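What follows is a set of notes on a single structure, which appears directly below.
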Amino acid sequence: MYRFIVNSSSAAANTLLKTGSPKRSLLAVTHRLTSTTAPTAGNSLGTTKDQQQKTFSTAAAEPFLNGNSSAYVEEMYNAWLQNPSSVHASWDSFFRQTQGGAQPGEAYIRPPSGLAPPEHNTLPLSAFGGGTGLVPVPMGGGVRSSTPISEKIIDDHLAVQAIIRSYQSRGHHIAKLDPLQIVYADLHSKSELHNPKEIVVRNYMHGYVFRKSLYLNQIGQKIRGHNIAHLDPLGISSADLDEGIPLELIYKSYSFEEKDMDRVFKLPATTFIGGKETSLKLRDILKRLEDAYCRSIGVEFMYINSLDQCNWIRKKMEPPGVMEFDNETKRLILARVTRAWGLEAFLAKKWSSEKRFGLEGCEMLIPAMKQIIDRSTEFGVESVIMGMPHRGRLNVLANVCRKPLEQIFSQFAALEAADEGTGDVKYHLGTYIERLNRVTNKNIRLAVVANPSHLEAVDPIVQGKTRAEQFYRGDNEGKKVMSILLHGDAAFCGQGVVFETFHLSDLPDYTTHGTVHIVVNNQIGFTTDPRHSRSSPYCTDVARVVNAPIFHVNADDPEAVMHVCNVAAEWRNTFHKDVVVDLVCYRKNGHNEIDEPMFTQPLMYRQIKSTKNVLEKYSHKLKNEGVVTEEEIKDVKEKYERILEEAHLGAQQVTTIKYKDWLDSPWSGFFEGKDPMKVSPTGVHEETLTHIGKRFSSPPPNASGFVIHKGLERILKSRMEMVENRQVDWALAEAMAFGSLLKEGIHVRLSGQDVERGTFSHRHHVLHHQNVDKATYRPLCNLYPDQAPYIVCNSSLSEFGVLGFELGYSMTNPNALVCWEAQFGDFNNTAQCIIDQFISSGQSKWVRQTGLVLLLPHGLEGMGPEHSSARPERFLQMCSDDPDVIPTPSDDVAIRQLHDINWIVANCTTPGNYFHILRRQIALPFRKPLIIMTPKSLLRHPEARSSFDEMFSSTAFQRIIPDPLGQRDCKKVVFSTGKVYYDLKKARNERGLDNDVALVRIEQVSPFPYDLLLEVGKQHPNAKFVFSQEEHKNQGCWTYIEPRFRTLFPDRPLTYAGRVVAASPATGSKHQHYKEQAQLYDDTFK
């Protein structure tokens, strides 16, 4: 009996076992092979009964039946499943018999010999003994014999398949990617490899020479074929494929000889190098594989776990002629390269000492982006949102977006701004353009999002903006709106937010249905070599985590770049998944134009200085091909130069600059017709509150079978009792704020870690069926038949990426309430870059408003240093109001303060006030970020309740809340913010000081309520002022409030009561916490 081994972990076997279709799995098929003969190598191959008797126990006794054969049988079986006619008739017969339930020993039926004449370059298998069929062999070899089939014939067929797979998997390692031809990432040292091609084929055939049973293990571990692509435009890479290296070095390692090069091999179903041919000579197989995978393009895709997607890429890369372009397309490429190069040359000539972070060395970025946009527009995309670093930004704005050149050139002049704001440097600015795509004759919207020097920080913002635009357009599949992200090589692998952004790519409430990533791979980060800036082989390896295909391409080969960009655009349109284009290029200048790179990279920059630019190279190529003449090349250059000169003259007439010209997210019609100093009412009718409250407190209507957790039933019951008593707690107030906005047609989105339930199990906006998986009910989505959409979504465990995403989402439409909640308030510090560079300063730098709400749980409650403080002092430090200037008194002073401030910081103490401040975000005639220190213990505090009366139409947000005991002659007025008020109230009562001490709550800390606090001072002319806070003295609100009190009451000092200065936000000792709390009360009321 034959013992036939199959790797049961193979994808095909697992798929069959999981799906149950076909009814007999591959394992079942191979089980039959344990007791029957089987065809192999695309031919009828059986054994006699005598042979079976001689080899009855182990595979080692039979040279054919081993691990090599298992992989081949599996491939034949997969091919047969897709197309039975694609395999030899003997295989077809065998698999049909097996699927039909044939017993062991009955599945294989030997076909009669001589059914068809031998194909060219083949002989019947019977010529080698053991049956009939077609095995490719050298012409003129072999005669009919009874000798058993040669093991080499089988091994050679398996070897050819291994070579094909090896090129597909490892070919990028020797592709000619580096235009400098130095060392591409210093990965493939000649001291390690005698020949670059061995990177692709090494070890495979050693397994054949020494032990074929190693084949399956090798095929699973050695898929690296892309490593020899010629990617470096400078030609510095030691891994380059040497044109002078003879092919014998590859095929000899597979035990092939020169005479084998003309043998014909049947191509497996996993390659498309044959085009319409199903068999090729070995010589042609190797040549076509090298053309596909080892020239100017290196492809990484074999880790993708979808066979359809892998085959899709093979079809785009392998067939002969896939990279052929017509002359018209070549002339278009030349024109675009000319413009990209021409702008940089013009800027260098006119402003030689200015920093502009030019694109020299990677001019192909511009044609690449335009090609992706052109192809995507053909597929129906109407809007493209882009994010990028500073390098090449001016060129992208000019030649991709077609930003007026006069506006770009005027940024080089020291002109006064005509509008408000502080502005930003020219290579950080964004834009928004609607124009006609002349190639496709379709309208397209292009937005480049403004970005600081913090590389990659813009990535999640672009994704959030893209997702929002898709949402508002009803583009649920991403067919009309897409994003393009540009990266530098060092930042792409070095910045963690790249990883965070990738992991949002396939989440239901965050996906943008595929992003095209373009890496401008300068092969250097500022002054740091790749070998010192990353541990991975490529800077793009981070993209492998989401199974994104990666196309490395030599940026000095324009046609290779265009082909890759076409494939990338088509991939995104077909599969709606991320894809990476790695433009391997160089940086002609230093980090900026006045930097000296020879200090740190002398050899590289010596090579760069001697390297012709891509325009020269491509012009020479097309001229030699007869596509263009020297006069045409010159004419294209001069025509664009004239355009640049005319724009330069026009820019000299400009006397002021306008920041709004660079706005990346315009809100058409939002500001028109509004009184900029009038706030709409935030209160609502009692009927609305009651309706929302009851819906929010009820299980799904008409769903008696929806099983709710017993604990939730109690929560819903208590909520209903509050509604009936006309009261709300924190969760109810929030739900009523959201629900009333939804009723008014305002979209609401709440995002963050565990927000559906709430970190403290207080929210429960999603009810889960206890017996049915994924069966949920969302009460706020079912309040009114015509309400606006409500989205509540748990995020990935990310702050930087998710907060950036929600900021981008909020930028798209001002008529939406977008909230991000931190799991605990202090976790916002991992998103500090988004807070500092975008939220607090975005309007000042880029005239870009946002109404984003940050909900930050805050309060010292003995939970240790990390779960206590949301760090309000940091937000208050970044507030843009002057502590030495009291606003001019007027009826509209409150809204003028809101208009002038960069953001709002609040710490509410009542659910009613929380309700109003959320609704005020939409009621304002402009948009400002809102930072709220939200409570933890107050979520269930019996006194932290509000009556419906505090939320009616005539009510509004209270910037301060006076003492509820009313006005009286007090000895001391204690000011505080947040939940410490309830602690102080209890301590005051215990000390019997209700008549002597007034407690005033400052609900809106910034902008500072000067006018209201002035009234408090007048009401208590003889009282001492104390500010009491639970945070340490160097934290909390003290450092913000004290100088403003000093300005407001220069003759009445404000005394501090609270914890002493400390490095840590809170103690980890319960005992110490209670001791500090007692001291806080003593200092406050002494």
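Could you list the square roots of 5 times each eigenvalue of the Cα gyration tensor of the stretch 686-950, that is, the equivalent ellipsoid semi-axes, sorted largest first and rounded to whole Å?
With the √(5λ) rule applied to the stretch 686-950, the semi-axes are 31, 20, 19 Å.
Would you please give the FRET efficiency between ASP1082 and ARG1052, computed as 1/(1 + (r/R0)^6) with r the Cβ-Cβ distance and R0 = 30 Å, to the nearest 0.05?
E(calc), rounded to 0.05, equals 0.85.
Pop out the Kirkwood hydrodynamic radius of the stretch 699-853 from its pairwise C-alpha distances, inverse of mean 1/r, in Å to one decimal.
About 17.1 Å for the stretch 699-853.
Rounded to a whole number, what % of the accessible area of the stretch 960-1085 do carbon and sulfur atoms account for, probe 1.4 Å?
51 percent
With the other protein chains left in place, how much accessible area per residue, in square angstrom, belongs to the stretch 585-733 at a 1.4 angstrom probe?
Result: 59 Å² of accessible area for each residue.
Spin-label point model (7 Å from Cα, Cβ direction): what's the ILE433 to THR270 distance in nm?
Computed distance between label sites ILE433 and THR270 equals 4.5 nm.
Show the residues, 5+ positions off or on another chain, whose built amide H is closer than 5 Å to the amide H of VAL519.
Residues meeting the amide H criterion: HIS487, VAL581, ASP582, LEU583.
Please report the carbon-and-sulfur percent of the accessible area for the stretch 327-661; probe 1.4 Å, protein heavy atoms only, DNA, RNA and ligands left out.
48 percent
Apply the Karplus curve 6.51 cos²θ - 1.76 cosθ + 1.60, θ = phi - 60°, to the phi angles in the stretch 619-636 and return the couplings in whole Hz, x for Gly and Pro.
Values per residue, Gly and Pro as x: 4, 4, 4, 5, 5, 5, 7, x, 6, 9, 9, 4, 5, 5, 4, 5, 5, 5 Hz.
Taking only the C-alpha atoms, wrap a convex hull around the stretch 393-488 and report its volume per residue in Å³ as a whole number.
139 Å³
Amide H neighbours of LYS972 under 5 Å, at least 5 residues apart or on other chains, H built in the peptide plane: list them.
Under 5 Å from the amide H of LYS972 lie the amide H atoms of ALA998, LYS1024, each far enough along the sequence or on another chain.
Could you check the spin-label model distance between LYS315 and LEU603? Points 7 Å from the Cα along Cα→Cβ, value in nm.
Placing both labels 7 Å beyond Cα along the Cβ direction yields 4.5 nm.
With charges set only on the Cβ (+1 for Lys and Arg, -1 for Asp and Glu), what does the dipole of the stretch 570-616 come to about its Cα centre, in debye to the nearest 20?
Rounded to the nearest 20 debye, it is 140 debye.
So if each residue of separation counts as 0.36 nm, and I subtract the Cα-Cα distance between LYS621 and GLU257, what length gain in nm does that give?
Result: 127.4 nm gained on full extension.
Can you give the net charge of the other residues whose Cβ lies under 14 Å from the Cβ of PHE875, counting K and R as +1 and D and E as -1?
It works out to a net charge of -2.
Per q in 0.30 1/Å, what log10 I(q)/I(0) does a Debye calculation on the alpha-carbon atoms of the stretch 468-510 return?
-1.07
Could you tell me what a quarter of the Cα convex hull surface of the stretch 960-1085 works out to, in nm² with one decimal place?
Average of the hull's projected areas for the stretch 960-1085 equals 7.4 nm².
Could you order peptides 783-796, 81-94 by the average number of other Cβ atoms within 10 Å of their residues, highest first?
Going by the mean number of other Cβ atoms within 10 Å, highest first, we get 81-94, 783-796.
At 0.36 nm per residue, and after removing the present C-alpha to C-alpha distance, how many nm does the segment from TRP351 to ASP635 gain when stretched out fully?
Full extension of this stretch gives 99.8 nm more.
Binning at 10 Å from 0, report for the stretch 327-661 what percent of all alpha-carbon pair distances ends up in each bin.
Over the stretch 327-661, the share of Cα pairs per 10 Å bin runs 5, 26, 36, 25, 8, 0 percent.
Between GLU406 and ASP996, what is the FRET efficiency for a Förster distance of 60 Å, r being their Cβ-Cβ separation, to the nearest 0.05?
0.30
So, for the stretch 960-1085, what is the accessible surface per residue at a probe of 1.4 Å, expressed in square angstrom?
The answer is 42 Å² per residue.
Given points 7 Å out from each Cα along the Cα-Cβ axis, report the ASP419 to GLU687 separation in nanometres with one decimal.
Modelled inter-label distance: 4.2 nm.
In sequence order, what are the phi-derived ³J(HN,Hα) couplings for the stretch 843-860 according to the Karplus relation 6.51 cos²θ - 1.76 cosθ + 1.60 with θ = phi - 60°, rounded to whole Hz, with x for glycine and proline?
5, 5, 7, 10, 6, 10, 8, 8, x, 4, 10, 9, 9, 10, x, 9, x, 8
Share of the stretch 686-950's accessible area from carbon and sulfur, percent, 1.4 Å?
Here it works out to 49 percent.
List every residue whose amide H lies under 5 Å from the amide H of VAL748, counting only residues 5 or more places away in sequence or on a different chain, with H placed 1.01 Å from N in the peptide plane.
ILE791, LEU817
Which ³J(HN,Hα) values in Hz, rounded to whole numbers, follow from the phi angles of the stretch 894-902 under the Karplus curve 6.51 cos²θ - 1.76 cosθ + 1.60, where θ = phi - 60° and Gly and Pro get x?
Each residue of the stretch 894-902 in turn: 5, 6, 5, 4, 5, 5, 8, 7, 8 Hz.
The values are calculated or read from the model by the stated rules, or taken from the named source; none is laboratory data. Keep in mind that this is a model prediction, so the values were computed, not measured. Because the Cβ atoms are built from the backbone with ideal geometry, glycine has one as well, and the counts that use them run over all protein chains shown. Side chains included, ligands, DNA and RNA excluded: accessible areas come from the protein's heavy atoms. Shrake-Rupley method; radii C 1.70, N 1.55, O 1.52, S 1.80 Å.
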